[in-house]
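Notes follow the structure.
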Amino acid sequence: MSLLYLVRHGQADRLGKNYDTLTELGRLQSKLLGEYFLSQRIEFDSVYTGALNRQKQTAEGIISAFETERFCIPAPLEESAWDEFDSKLWLGLAAKIRSVDLKFAELYEAYKSAWEQGSEKTRDYFQELIQIVLKKWVGADFGDTEPYTFLEFIEKVQSGFFQIPKDVKSTLVVSSSTPIAIAMGLACDLEPKQIPIFMKSITNTSLSIFKRKGEIWEPISWNAVPHLKDPDLITIV
């Protein structure tokens, strides 16, 4: 039996100038997940991340828990199939939506203002904005989008599964919320337009487990955070 442990990256610095880096909380979340894996004697035969720093930093935090123990864990391999969608996509779609939706435009300006001030409201505004943008992307409301349509992005994520060797027992993949939502949607054989239901609630360093059955990956668990005992450590953005 081959298992896939699919993890979302730790909390990233949405309030700072570089979102593609973990906050101190994000680093702690990652370390705690590694300690959880260690306590459960879960080892990995292969490890993958996307190309993003926040994904790689999360993997580093997880792996650090194994360094002082007699466990062998391979170095992570970079696979772009597990990247989050390109930020240019959401910015481009947001610009198009702002031109036709006054309420969205006002929300976007509030987000920009909060971000410039370093306000915690930035996270709430972004979460609201991104859900609207994702809905428009999935529905192809503005036609084809660059650098890819939602259907093309699904195919990109699917290619990541084919990179996982068939002869390994357990694989760790550190990714982001949209690829993880797509993975669950594919496992549940959902229509593309139904997949966004999973995108709303994927928490930082949450763990979703899948079992390989032939060419299919069946879900075992979803969006679990057994390593975050303190509710204050659980974040979405």
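Looking only at the range 196-212, decide whether some residue is modelled with pLDDT under 95, touching an Asp or Glu at 6+ places or on another chain (Cβ under 7 Å) and open to solvent by 50 Å² or more (accessible area, probe 1.4 Å). The answer is no; no qualifying residue exists. Could you list, in sequence order, the residues of the range 1-15 that are of a type outside the set (Ser, Thr, Tyr) and outside any loop (DSSP other than H, G, I, E, B)? Leu3, Leu4, Leu6, Val7, Arg8, Ala12, listed by residue number.
Can you confirm whether Phe71 is outside any helix (DSSP H, G or I), touching a Leu at 6+ places or on another chain (Cβ under 9 Å), open to solvent by 40 Å² or more (accessible area, probe 1.4 Å) and farther than 20 Å from Tyr19 by Cβ? When the stated conditions are applied, Phe71 passes them.
Would you check which residues across the range 16-46 are touching an Asp or Glu at 6+ places or on another chain (Cβ under 9 Å), surrounded by fewer than 18 Cβ atoms within 10 Å (Cβ to Cβ) and assigned to a loop (DSSP other than H, G, I, E, B) and list them? Those that are touching an Asp or Glu at 6+ places or on another chain (Cβ under 9 Å), surrounded by fewer than 18 Cβ atoms within 10 Å (Cβ to Cβ) and assigned to a loop (DSSP other than H, G, I, E, B): Tyr19, Asp20, Thr21, Asp45. Looking at Pro226, is it open to solvent by 10 Å² or more (accessible area, probe 1.4 Å) and touching a residue at least 60 places away in the same chain (Cβ under 8 Å)? Judged against the criteria, Pro226 is a match.
Within the range 117-171, restricting attention to residues that are of a type in the set (Gly, Ala, Ser) and open to solvent by less than 50 Å² (accessible area, probe 1.4 Å), which residue is farthest from the chain's Cα centre (by Cα)? Checked the range 117-171; the qualifying residue farthest from the chain's Cα centre (by Cα) is Gly143. If Leu22 satisfies every condition in (1) modelled with pLDDT of 95 or more; (2) over 20 Å from Asp83 (Cα atoms) but one, which is the exception? All conditions pass for Leu22, except number (2). Evaluating Thr49 against the criteria (1) of a type outside the set (A, V, I, L, M); (2) touching a helix residue (DSSP H, G or I) at 6+ places or on another chain (Cβ under 7 Å); (3) surrounded by fewer than 18 Cβ atoms within 10 Å (Cβ to Cβ); (4) at pLDDT 95 or above leaves one unmet condition, (3). Based on this model, can you work out whether Leu107 counts as open to solvent by less than 60 Å² (accessible area, probe 1.4 Å) and more than 30 Å from Leu38 (Cα to Cα)? For Leu107, the condition - open to solvent by less than 60 Å² (accessible area, probe 1.4 Å) and more than 30 Å from Leu38 (Cα to Cα) - is met.
The values are calculated or read from the model by the stated rules, or taken from the named source; none is laboratory data. Everything numeric in this text was worked out from a predicted model, so none of it was measured. Heads up, the Cβs are rebuilt from the backbone with ideal geometry, glycines too, and the neighbour counts pull from every protein chain shown. Calculation scope for accessible area: heavy atoms of the full protein, side chains included, ligands and nucleic acids excluded. Shrake-Rupley method; radii C 1.70, N 1.55, O 1.52, S 1.80 Å.
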